[in-house]
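**Q** There's a structure below that I have some questions on.
The values are calculated or read from the model by the stated rules, or taken from the named source; none is laboratory data. Please read these numbers as outputs of a predicted model, since none were measured by experiment. Counting neighbours? That spans all protein chains shown, and the Cβs are built from the backbone with ideal geometry, glycine included.
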Amino acid sequence: MIEIALSSPLAPDLALLHERHTVAMHADTPPESIHMLPASALAAPGIWFYVLRFEGRPVGMGALKRIDAHHAEVKSMHVLSEMRGMGLARALVVHLVGEARRLGFARISLETGSQDSFGPARALYLAEGFVECGPFEGYGHDPNSVFMTRAL
């Protein structure tokens, strides 16, 4: 029923996912606090981009970005709002953690929003073993950001 696989972030059938992710990130976050990557940047070397398909339809996405040989970052994690509540985001996080481990990383980190709208995402990450931490490479302190990490 669900499949999670490496994909090109530039695939035409992913336009709705990227559009919804962009809208969600801009909904209640000031522009200077938005750290999402556009599809073109997700196609760069050192980024592994995954698509979650439900009954063949792309309904979720997430990426791993190499920080260094031992540390990766979760980027562009998103599940379409109408597909939430089915465990798809959890399946995607579990997959990303497994892929980070398979790729040889010892740590995986992420940045997410501090706003109430990001509460379910933060709860999911906590449930999957992430803990809050300080900013990591490329980030500074920001009241609109929560940083989380997990050893693999």
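**Q** What is the residue count in region 63-106 for residues that are crowded, with 18+ Cβ neighbours inside 10 Å, more than 14 Å from the chain's Cα centre (by Cα) and in a helix (DSSP H, G or I)?
**A** The qualifying residues number 0.
**Q** Can you tell me which residue among ARG57, ARG66, ARG53 is in contact with an Asp or Glu (Cβ under 6 Å, 6 or more places away or on another chain), on the phi < 0 side of the Ramachandran plot and among the basic types (Lys, Arg)?
**A** Working: ARG57 fails: in contact with an Asp or Glu (Cβ under 6 Å, 6 or more places away or on another chain); ARG66 fails: in contact with an Asp or Glu (Cβ under 6 Å, 6 or more places away or on another chain).
Matching residue, one of ARG57, ARG66, ARG53: ARG53.
**Q** What number of residues within region 109-122 satisfy the criterion of being closer than 15 Å to VAL74 by Cβ and without any contact (Cβ under 8 Å) to a residue 40 or more places away in the chain? Spell out the reasoning first.
**A** Filtering region 109-122 down to residues closer than 15 Å to VAL74 by Cβ leaves 109-113, 118, 121-122.
Imposing the further condition that a residue be without any contact (Cβ under 8 Å) to a residue 40 or more places away in the chain reduces the set to 110, 112, 118, 122.
Looking only at that region, the number is 4.
**Q** Going by what's in this entry, would ASP28 be described as within 17 Å of PHE118 (Cα to Cα) and in contact (Cβ under 8 Å) with a residue 24 or more places away in the chain?
**A** Working: within 17 Å of PHE118 (Cα to Cα): yes; in contact (Cβ under 8 Å) with a residue 24 or more places away in the chain: yes.
Yes.
**Q** Just the residues that are of a type in the set (D, E, K, R) and farther than 17 Å from MET36 by Cα, please, taken from region 86-125. Please lay out each step first, then the result.
**A** Step one: of region 86-125, the residues of a type in the set (D, E, K, R) are 90, 99, 101-102, 107, 111, 116, 122.
Across region 86-125, the qualifying residues are ARG90, GLU99, ARG101, ARG102, ARG107, ASP116.
**Q** Filter region 17-34 for residues that are within 16 Å of the chain's Cα centre (by Cα), modelled with pLDDT of 85 or more and not β-branched (Val, Ile, Thr) and give the result.
**A** Of everything in region 17-34, those that are within 16 Å of the chain's Cα centre (by Cα), modelled with pLDDT of 85 or more and not β-branched (Val, Ile, Thr) turn out to be LEU17, HIS18, GLU19, ARG20, HIS21.
**Q** Would you say LEU52 is touching a Leu at 6+ places or on another chain (Cβ under 6 Å) and either at pLDDT 95 or above or buried (at least 17 other Cβ atoms within 10 Å of the Cβ) (or both)?
**A** On the way: touching a Leu at 6+ places or on another chain (Cβ under 6 Å): yes; either at pLDDT 95 or above or buried (at least 17 other Cβ atoms within 10 Å of the Cβ) (or both): yes.
When the stated conditions are applied, LEU52 passes them.
**Q** Right, here's the next one. Kindly list the number of the only condition in (1) free of Cβ contacts under 8 Å to residues at least 60 places away in the same chain; (2) touching a Pro at 6+ places or on another chain (Cβ under 9 Å); (3) not in a loop (DSSP other than H, G, I, E, B) that fails for LEU37.
**A** (3)
**Q** Name the single residue that is surrounded by the fewest Cβ atoms within 10 Å (Cβ to Cβ) among those in region 21-34 being part of a loop (DSSP other than H, G, I, E, B) and among the β-branched types (Val, Ile, Thr). Break it down stepwise before answering.
**A** Kept after step one, since they are part of a loop (DSSP other than H, G, I, E, B), are these residues of region 21-34: 28-30, 34.
Now restrict to residues that are among the β-branched types (Val, Ile, Thr): 29, 34.
On the way: THR29: 20, ILE34: 13.
Filtering region 21-34 for residues that are part of a loop (DSSP other than H, G, I, E, B) and among the β-branched types (Val, Ile, Thr), the one surrounded by the fewest Cβ atoms within 10 Å (Cβ to Cβ) comes out as ILE34.
**Q** Oh, and also: Would you mind stating whether SER109 is in contact with a strand residue (DSSP E or B) (Cβ under 7 Å, 6 or more places away or on another chain), in a strand (DSSP E or B) and at positive phi?
**A** Numbers: in contact with a strand residue (DSSP E or B) (Cβ under 7 Å, 6 or more places away or on another chain): yes; in a strand (DSSP E or B): yes; at positive phi: no.
The answer is no for SER109.
**Q** Please name all residue pairs, on different chains or six or more residues apart, with Cβ atoms under 8 Å, provided the first residue is in region 72-85 and is within 19 Å of ALA39 (Cβ to Cβ) and the second residue is among the aromatic types (Phe, Trp, Tyr) and crowded, with 23+ Cβ neighbours inside 10 Å.
**A** Between residues of region 72-85 that are within 19 Å of ALA39 (Cβ to Cβ) and residues that are among the aromatic types (Phe, Trp, Tyr) and crowded, with 23+ Cβ neighbours inside 10 Å, the close pairs are SER76/PHE49.
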